[in-house]
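Colleague: What follows is a structure written as structure tokens; I'll ask about it next.
The values are calculated or read from the model by the stated rules, or taken from the named source; none is laboratory data. Keep in mind that this is a model prediction, so the values were computed, not measured. Reconstructed Cβ throughout: ideal geometry from the backbone, glycine too, with neighbour counts over all protein chains shown. For accessibility, only protein heavy atoms count, side chains too; no ligands or nucleic acids. Shrake-Rupley method; radii C 1.70, N 1.55, O 1.52, S 1.80 Å.
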Amino acid sequence: MLFNIDLLNFDIQIQYKMSNIHYISTELLNLEQLQEIIVEQKTLELSDEAKINVQKCRDYLDKKMASHSEPIYGINTGFGSLCNVKISNENLSKLQENLVKSHACGTGEEVPQEIVKLMLLLKIQSLSYGHSAIQLQTLERLVSFYNNDILPVVYTQGSLGASGDLAPLAHLSLPLLGEGEVYFEGKKVHSSEVLKHFNWEPIVLKSKEGLALLNGTQFMSAYGAHILMKAYKFSYLADLIGTISLEGFDGRIEPFHELIHFIRPHKGQIVTAQRIKEFLEGSEIISQVKTHVQDPYSFRCIPQVHGASKDAIDYVRKVFKTEINSVTDNPNIFVESDEIISGGNFHGQPLALALDFMAIALAELGSISERRTYQLISGLRNLPAFLVDNPGLNSGLMIPQYTAASIASQNKQLATPSSVDSIVSSNGQEDHVSMGANGATKALRVMDNLERILAIELLNASQAIAYRKPLKSSDFIEMFLSSYREVVPLVTEDRILHYDIEKTISFLNSFQIENDLLTMA
């Protein structure tokens, strides 16, 4: 009997290990799967399908190069405006190595490690389709980097978002050659140390490989995917915190009636109104008789404003789903058609526009949030000025609104589109660029700022609703606020509110939402 139990446990362990692997294949990746891979810390493995496709493409190019003397861009020529310079066969490996080293010109802040890990995953996915002529051992080394948390040091500045994210992807690729720095086991070390630790030899790049590694949109894509996963969560939290503010302000329920929204049936608007009504189910505060006829727009128009941002985020998700399942290097190799075609799949314009759109949508969630905070501290509707007893002696929540206003204003500045700009590069060969990489880093700053603005609104909303006692809100809201109060107590007299804001941000980041909400902003 004990022997059978051991077998059962062994079987369960094997099943768990298998379920904790994500196989790279032609199956489409979506946002929910990305979230699952990250949250469950799944390891990557190349499927047999991916291995066959990659090897077939590499073999095809090797045979082609053995019999082909004509110049093929990026394979036996220089790059960019040097595309007409033919390179001899004996120098093709050196050509690819030089490409990676020369393009590692990134500067500025380091890319957050969680985004670097996403870059690795998305690069592996794109190279696995068998249109890039990558060596199988090169791709397997990238998989090993991912699985062992060997995260290259990549910099935020250097990409024009057009010939792919050249500089960031060069830094991502340097460790393959035993060059550059990586984070490993909590330390920043030279990649040669890590290769020695695992007894790995540096990869010797073959024709086309350097270009396959550097061309691509994985910097922009990783930023976009990372922001999107947070955007869905904080869109939900914006609805919840906005609802708590509505309760604190003693707002009316009528603007959330479904009949209003069915005659203007934008999806995001309908979802928002329905969600807020569900949040309020059973609330004594929303049900009490009101003396005022209407609420300010920042409360009354939550479905219309939050809903528009939801629809924008939903559009951006569709763009990025397409992108993370695409081949974005150049030239592209089509084995079955016996074609090597130079095109422009590395151009980041679809992502640049989407990232700008997302930044605007997130900035608007922050803008209306700050307005609700302002209303709450204004001494209206039987609330004390600045939401504190003895105002005058106490400044209460006067200054957090200043902070929110400052951040909301910064978001408006950051939401100025990057994609409308272009600067000629590579001696005129690359004469239109997307600037999507700048759009990506700006959008992340907007996302981080939105977290802070919503944290300040929750600080105020939770304070305001306390003045509605003995009336209670819904069970769901009361439970949420009870958890929050364990982290941030009620403000009864002046204290250093910086700590309250930081604790609130941490509280919101620790809040978990269901994975199916990633399909509904």
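Colleague: Any residue in the stretch 505-519 that is in contact with a Leu (Cβ under 9 Å, 6 or more places away or on another chain), of a type outside the set (A, V, I, L, M) and without any contact (Cβ under 8 Å) to a residue 60 or more places away in the chain?
Modeller: Scanning the stretch 505-519, I find at least one residue that is in contact with a Leu (Cβ under 9 Å, 6 or more places away or on another chain), of a type outside the set (A, V, I, L, M) and without any contact (Cβ under 8 Å) to a residue 60 or more places away in the chain, so the answer is yes.
Colleague: What's the number of the only condition in (1) open to solvent by 70 Å² or more (accessible area, probe 1.4 Å); (2) in contact (Cβ under 8 Å) with a residue 40 or more places away in the chain; (3) in a helix (DSSP H, G or I) that Ala363 fails to meet?
Modeller: (1)
Colleague: So which of Glu478, Glu486, Glu457 ends up being under 19 Å from Phe299 (Cα atoms) and charged (D, E, K, R)?
Modeller: Glu457
Colleague: Name the single residue that is farthest from the chain's Cα centre (by Cα) among those in the stretch 93-102 being surrounded by 21 or more Cβ atoms within 10 Å (Cβ to Cβ) and either part of a loop (DSSP other than H, G, I, E, B) or at pLDDT below 95 (or both).
Modeller: Ranking the qualifying residues of the stretch 93-102, first place goes to Leu95.
Colleague: Consider the stretch 146-198. How many of its residues are within 30 Å of His432 (Cβ to Cβ), part of a helix (DSSP H, G or I) and open to solvent by less than 30 Å² (accessible area, probe 1.4 Å)?
Modeller: Counting residues in the stretch 146-198 that are within 30 Å of His432 (Cβ to Cβ), part of a helix (DSSP H, G or I) and open to solvent by less than 30 Å² (accessible area, probe 1.4 Å) gives 8.
Colleague: Among the residues of the stretch 288-326, count how many are assigned to a helix (DSSP H, G or I) and either open to solvent by 30 Å² or more (accessible area, probe 1.4 Å) or over 20 Å from Ile270 (Cα atoms) (or both).
Modeller: Residues meeting the conditions: 15.
Colleague: Sort through Leu99, Leu142 and tell me the only one that's without any contact (Cβ under 8 Å) to a residue 60 or more places away in the chain and on the phi < 0 side of the Ramachandran plot.
Modeller: Leu142
Okay, residues lined up against (1) surrounded by fewer than 17 Cβ atoms within 10 Å (Cβ to Cβ); (2) over 23 Å from the mean Cα position of the chain (by Cα):
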position: Ala385; (1), (2): yes, yes
position: Val388; (1), (2): no, yes
position: Leu393; (1), (2): yes, yes
position: Leu397; (1), (2): no, yes
position: Gln401; (1), (2): no, yes
position: Ile407; (1), (2): no, no
position: Gln413; (1), (2): yes, no
position: Thr416; (1), (2): yes, no
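Colleague: Related question: What is the one condition in (1) assigned to a helix (DSSP H, G or I); (2) open to solvent by 50 Å² or more (accessible area, probe 1.4 Å) that Lys472 does not satisfy?
Modeller: (1)
Colleague: Do we have any residue at all in the stretch 132-144 that's open to solvent by less than 70 Å² (accessible area, probe 1.4 Å) and closer than 29 Å to Gly428 by Cβ?
Modeller: yes
Colleague: Assigned to a helix (DSSP H, G or I), closer than 26 Å to Gly282 by Cα and either under 31 Å from the mean Cα position of the chain (by Cα) or among the acidic types (Asp, Glu) (or both): is that true of Glu478 in this structure? Full working, then the answer.
Modeller: On the way: assigned to a helix (DSSP H, G or I): yes; closer than 26 Å to Gly282 by Cα: yes; either under 31 Å from the mean Cα position of the chain (by Cα) or among the acidic types (Asp, Glu) (or both): yes.
In short, yes.
Colleague: Further question: Looking at Phe507, is it under 22 Å from Gly307 (Cβ atoms), at pLDDT 95 or above, in a helix (DSSP H, G or I) and open to solvent by 20 Å² or more (accessible area, probe 1.4 Å)?
Modeller: No.
Colleague: Another question about this same structure. If a residue must be open to solvent by 60 Å² or more (accessible area, probe 1.4 Å) and of a type outside the set (Gly, Ala, Ser), how many such residues does the stretch 248-287 contain?
Modeller: Total meeting the criteria: 16.
Colleague: Of everything in the stretch 210-234 that's over 30 Å from Arg452 (Cβ atoms) and touching a Ser or Thr at 6+ places or on another chain (Cβ under 6 Å), which residue is surrounded by the fewest Cβ atoms within 10 Å (Cβ to Cβ)?
Modeller: In this case the residue turns out to be Leu213.
Colleague: Tell me yes or no: at least one residue of the stretch 327-343 is closer than 26 Å to Leu169 by Cβ, open to solvent by 50 Å² or more (accessible area, probe 1.4 Å), within 27 Å of the chain's Cα centre (by Cα) and touching a residue at least 60 places away in the same chain (Cβ under 8 Å).
Modeller: Start the filter on the stretch 327-343 by keeping residues that are closer than 26 Å to Leu169 by Cβ, which leaves 327-335, 339-343.
Then keep just the ones that are open to solvent by 50 Å² or more (accessible area, probe 1.4 Å); that gives 334, 339, 341-342.
This time we only want the ones that are within 27 Å of the chain's Cα centre (by Cα), so: none.
For the stretch 327-343, residues closer than 26 Å to Leu169 by Cβ, open to solvent by 50 Å² or more (accessible area, probe 1.4 Å), within 27 Å of the chain's Cα centre (by Cα) and touching a residue at least 60 places away in the same chain (Cβ under 8 Å): absent.
Colleague: Within the stretch 200-219, how many residues are over 12 Å from Leu139 (Cβ atoms), touching a residue at least 40 places away in the same chain (Cβ under 8 Å) and not hydroxyl-bearing (Ser, Thr, Tyr)?
Modeller: 12
Colleague: Would you please list the contacts, defined by Cβ atoms under 9 Å and residues six or more apart or on different chains, that run from a residue in the stretch 485-503 that is more than 18 Å from Ala385 (Cβ to Cβ) to a residue that is open to solvent by 90 Å² or more (accessible area, probe 1.4 Å)?
Modeller: Final answer for the pair search is Val487/Lys503; Val488/Tyr499; Val488/Lys503; Ile501/Arg452.
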